[in-house]
Each structure stands twice: as structure tokens, then as C-alpha cells.
1. Decide, for the stretch 105-229, between rounded, prolate and oblate: order the square roots of the alpha carbon gyration tensor eigenvalues as a ≥ b ≥ c, take rounded if a/c falls under 1.5, and otherwise choose prolate if a/b is larger than b/c, else oblate.
2. In terms of modelled amide H atoms, which long-range or inter-chain residues lie less than 5 Å from the amide H of SER123?
3. Over the stretch 184-296, what is the percentage of antiparallel beta bridges among all DSSP beta bridges, to the nearest 5?
4. Ranking request for peptides 155-163, 143-151, 122-130, 314-322: highest mean number of other beta-carbon atoms within 10 Å first, then the rest in descending order.
5. From the phi of every residue in the stretch 179-193, what ³J(HN,Hα) in whole Hz does the Karplus formula 6.51 cos²θ - 1.76 cosθ + 1.60 yield, where θ is phi - 60° and glycine or proline is x?
6. Per 0.36 nm of contour for each residue apart, how much would the distance between GLN327 and PHE78 grow if the chain were fully extended, relative to their Cα-Cα spacing?
7. Ranked highest first by average number of other Cβ atoms within 10 Å, how do 221-231, 269-279 line up?
8. Within the stretch 263-291, which residues have the backbone N less than 12 Å from the label spot 7 Å out from LYS138 along Cα→beta-carbon, could you tell me?
Amino acid sequence: GDVAARVLARWACPGAPATLQQRWKSSGKSRWNMQMRRATEQHVDYMRQLDPPKPYRRAVVDPKVMRAGLETKHVFGFPEITEQPFDDHRLRTDDIKLRVANAIKADSYRGCLGDQELEGFGSRILVVHGDIFAESEKPLADVVILPMPQNLMPYRGIGLEAFDRGGPDFVTETVRREREEFGKGELQPGDAFWVSGSSVVPGAEKIVFAVMPWVWQGSPMDASKRLRYCVKEALRKAWSLHPAPKSVALPNIACGIFGYEPHGSSRIILEEAFEALLQIEASEPQYSVERLTLIDSRLETAKGLQEAMHEVTHRWLPDYRMTTAAQYWGKETQRLMVLPSGSCSFNLKRHRVKFRQRHGVKRRAQAHYNGNIKPVLWRAAKVLQPPPMMVYRRSGEAVEKELQHKPRPYYFRGVSHWLFPSR
């Protein structure tokens, strides 16, 4: 006891060394040090003793422009603004249209942006920038495909405009046709049914409503798969109508309220359109449709459809498939080489080693570098080589300038594209 008291007195005295004071101060098992250590280590007991977070105080922002007093004056001064109309007023045919007909002048549309003929199948695909509901001298198509949500109550978009142009009778006919074909069950993405559409789209005999999915349901891959399935079922429904239609038209049915971006959805729609026209998976192909028109009123979406049509054309049609010039000329200029009978040692090598390495010592350092190291070495001269020129696989002619790879900023030996293989 005396020894311990003397040691404690020595440590606690003002003249004690600083290391001993620091050690005493840091190694003391006080409650404060234990809490600090637990806080540093994020101990579970330290987290439990903390107070719960204070509730977040949200700022109430009035989205309305007018003040509350001015709004009250409007409500009591003009009661017809807020009161709900009666049934006889709601079903009037002279209601205010959601979009005035011919609000956009026809001169602002660019018309046909792309025309691709499928040789041997008697059909073609058109990409048009225009209004699908506009009147024209020549009918747009016999069958028109339009999108529709699952509850048949579009709050905006092309589906609501179709209901607005058709009127209450068209809405009633749409609900009746849906009940006849699917019963009272809930519609699912991919379901499609047709309605007589002469009163909505000028010249169209029937309108096929395709129930579309929402892009936020599931992952992006699931959204793409659902969209592909819905487009395929809508085209199959249009192809199976009686009498068989000669022409079919549809906009980019995935954009708008359904949330799909134009570029990816345009590519999916064009792939399914090519597959429907070519009848690849059909056991009994029907080539009755002669024209498939993709039309959209927004110029950006129409250009996206045009780019997707060019991309799918060069991937699907054999005459438009592309390859590099080096691969084409390497295949065209290949020759059969006849070797003499007997043992040929040069063609038995499996590796690119020029001599047998029986030990780790390189006898000829320069030859070893040129033969084994230099061909696989990263060099700026190889990285800055220009891209290969793209040609058509069948004819060998150079493709259009828009489809060529962009030249790199530093050309290799003053050229923009290389034509023949470098080695």
C-alpha cells in the first residue's frame, strides 16, 4: 500500500515527467474516456444513448401565383370556375378541345425523313415528321397503332388527344370493345384491341390500342423487355386483322407519359418493325402489309426514328451490312498456297518466339527485342493509327461519310483512314 501511494504521489506531483502525466491522463478508466472511445469506434452502446434526430421542419411553399385573399375573391366572385359541371354539361359534344385542331401549321413539318425498301418482300418503311391526326389527300394508313395506359384513362398525350377528337361515343366504343375482348379483368402491358377509327384519324379504318408499360417498373433491362413485348404484340394484332391491312402507321408509342427516352425506344420499335415485315419467326408468313409508316410530330423524335432505321438497316439487310476495308480486301485477295511435301519446320511454330530460350540469358538482346517485345509493346505510333475505312460487305464500296468512324486528331503518316492491313 505504501509503495502504491508513493508511486501515485510521484505521478500526480507537478514535477513529474510529461510522459507520465500524459499516460495517467489517457489511460484513466473514467466514464468520459470510455464514452469518447466508444464514440470514436461507433460502438452500439454509444449509438443507443444518443437522442433521436429532431423532426425535419419542412418549409410550406405555396405553388400558386396568386395570394390567398385574391383567390378567395375569385372563388366567391366567379363560382363557375370551381364548381363541378353536371352530367348533361359534361357529356356535351361542343366542349373545349384540349388542343386546337391544326394549331401547328403543316408548313412546319418536314415530311418524309427516310424511306427504306425491303427488296424481295414487297414492303417498305417510312419515317415521317408530321401530325398523325392531320387530314391529307392520301390516307395515312389503314390501321393506326396508338398507346393507352392500363386503366384506359390517359391524363395527357396522344391517347387523350384521340379520345378528345373522337368524343364521348368513341370513348364508350373503346370501353365496350375492351370489355368484349378481355372481360372485366385488369389490362396488362402487352394487351391490344382494335376500335373503328374513322372519326379519329382521317382515312384509318381501325385503331389498335396497345397497353403500354411504365419505364419505372423494374430495372432498365426489364423496361426494355416489356417495351419490346408490347410493340411485338401490337404489330401482331395489326397484322392479324380481317381484312388484312395494306398499310400500318404508328408513332413512338413509348415516349410521353410512359417515360421512355426517344433514342432507345426508337431502336426497339424499328427492330420489331423490321421483324414484323420480314416475318422471320412466323410459321405461316403473311406479307400483306406493303407500307409501315413511323410518324411523330416532334422533330427530335422523328430524327431519332430515322437514325434507328439506318442503324437497323445496316445490321439486318445483307446488302447494307458493313465491314472494315482491311477485312474485306484480306478476304478478297486471299490465295491458296501450295507447300512442298515434306517436313517444314517454319510452320510448326506455335508461338512468336524466334529462338529457343534454353536459359534466362538473352544472347542477342536486339533480336529478342525486335522479335518478342516490340510486336506486343504499347507504342504511341500504334495507338494513334487512324480508324479503318468502312465498306459494304458485298460490293466493297465505301459507305457514306456519316457512317464512317471519326478521324483521330493526329493522323498516322498523314492519312485519315487506313485501307489495307498494316501487317
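1. Verdict is oblate for the stretch 105-229.
2. Answer set, sorted by chain and number: LEU118.
3. In the stretch 184-296, DSSP labels about 55 percent of beta bridges as antiparallel.
4. Going by the mean number of other Cβ atoms within 10 Å, highest first, we get 143-151, 122-130, 155-163, 314-322.
5. Whole-Hz 3J(HN,Hα) from phi for the stretch 179-193: 5, 5, 8, 10, x, 8, x, 7, 5, 10, x, x, 5, 9, 8.
6. The span from GLN327 to PHE78 would gain 82.0 nm if fully extended.
7. 269-279, 221-231
8. Of the residues in the stretch 263-291, 291 have backbone N under 12 Å from the label point off LYS138.
Computed from the coordinates by the stated procedures, all read-outs in this text should not be read as laboratory data. Remember, it's a predicted structure, so these values are computed and weren't measured experimentally. Cβ coordinates were reconstructed from backbone atoms using ideal geometry, including for glycine residues, and neighbour counts include every protein chain displayed.
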